[in-house]
Every structure is written in structure tokens, then in C-alpha cells.
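Trainee: Below is the structure I would like to discuss, written out as C-alpha cells.
The values are calculated or read from the model by the stated rules, or taken from the named source; none is laboratory data. Only a predicted model underlies this, so the values are computations on that prediction, with no experimental measurement involved. Ideal geometry is used to build each Cβ from the backbone, glycine not excepted, and the neighbour counts take in all protein chains shown. These accessible areas exclude ligands, DNA and RNA; they are computed on the full protein's heavy atoms, side chains included. Shrake-Rupley method; radii C 1.70, N 1.55, O 1.52, S 1.80 Å.
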Amino acid sequence: MKRKTRIERVYNEDTGWFETREVELNSYSFTDDDRIMIVREYMESGLPAEEIIKKYYISSRTVLFSWMDKFLNEKDLLSLPPEDQNRDDMAKTTNEQLKEKDAEIKRLRKALE
């Protein structure tokens, strides 16, 4: 993160001339690496968006979420667990549960007969 600056012309009374000087502003410019780091921290830390925004002097939630949209969709930059993997795990659990319930139903039917 690099703090944004502005060039100002200021009158120097000693010399009687105007001088230029660089003045730091209260905002930052972010590189893509900075943005990725911030999005990764937000995703992994579980901190509220407001805390991340205050910590890094981001202008708004919209900016943070637009970075998330950009970098979470680029699979090379930030990786989340693949959705198919989660579905497979859920499908296995569901199939196992169905088999157990079928076995329980069969057992109960035998008991009723």
C-alpha cells in the first residue's frame, strides 16, 4: 500500500518565491497484490468487513466487495475449496444416510409383521 500524495505550491516568505512540495493525503493506492492480500485476510480471518475497511483505509464496503468479485473469480489468485468437492462430500453423506434409513425401515417393517 502506498499513501497517495499531491503536489502543492506553497509561498516561501524567506525566499519570496513559490515552492512545490509533496503532501501526503489520507488515502492509499493499492496494487493488485495488496488487494489480494486484503481479500485473503478478510476471507480467512472472519473479521467483519468494517474492521478490514478501517484497518486498511478502504473507502467503502463496495470497494472491498468489488475486489472480492474480481479476485475470487480468478482461480489462480485466490483459491476456495471447489464446489464439486463439497457436493461430493454431501452426496456421500446423503447416500449413506439413505442406506441407513432404508435398513431401519426394513427392520421396522419386519418387526410390525
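Trainee: Could you tally the net charge around K2, taking each other residue with its Cβ under 11 Å from the Cβ of K2, Lys/Arg +1 and Asp/Glu -1?
Mentor: Summing Lys and Arg as +1 and Asp and Glu as -1 gives 0.
Trainee: Give the peptides 57-67, 35-45, 11-21, 99-109 in descending order of average Cβ contacts within 10 Å, highest first.
Mentor: 35-45, 57-67, 99-109, 11-21
Trainee: Next question. Where nothing but the Cβ of Lys and Arg (+1) and of Asp and Glu (-1) is charged, how large is the charge dipole of the stretch 31-74 around its Cα centre, in debye to the nearest 20?
Mentor: 160
Trainee: Still on this structure, please answer the following. How much net charge surrounds L108 when only other residues with a Cβ under 12 Å from its Cβ are counted (Lys, Arg +1; Asp, Glu -1)?
Mentor: Charge balance near L108 sits at +2.
Trainee: Could you pull out every residue, at least 5 positions away or on a different chain, whose amide H is within less than 5 Å of the one on Y28? Hs are placed 1.01 Å off N in the peptide plane, and Pro or chain starts have none.
Mentor: Amide H neighbours of Y28, under 5 Å, 5+ apart: K4.
Trainee: According to the square roots a ≥ b ≥ c of the eigenvalues of the Cα gyration tensor, what is the shape class of the stretch 31-71, taking rounded for a/c under 1.5, prolate for a/b larger than b/c otherwise, and oblate for the remainder?
Mentor: rounded
Trainee: Counting pairs of alpha carbon atoms under 8 Å apart in space and at least six apart in sequence, what relative contact order in percent does the stretch 31-74 give?
Mentor: So the answer I get is 38 percent.
Trainee: Can you give me the relative contact order of the stretch 1-53 as a percent, contacts being Cα pairs under 8 Å and 6 or more apart?
Mentor: 32
Trainee: Right, something else. Taking only protein heavy atoms and a 1.4 Å probe, what accessible area per residue, in Å², does the stretch 31-74 have with all protein chains in place?
Mentor: Dividing the accessible area of the stretch 31-74 by its residue count gives 63 Å².
Trainee: A further question on this structure: In straight Cα distance, which lysines are under 29 Å from K99, not counting same-chain residues fewer than 8 positions off?
Mentor: Output for K99: K110.
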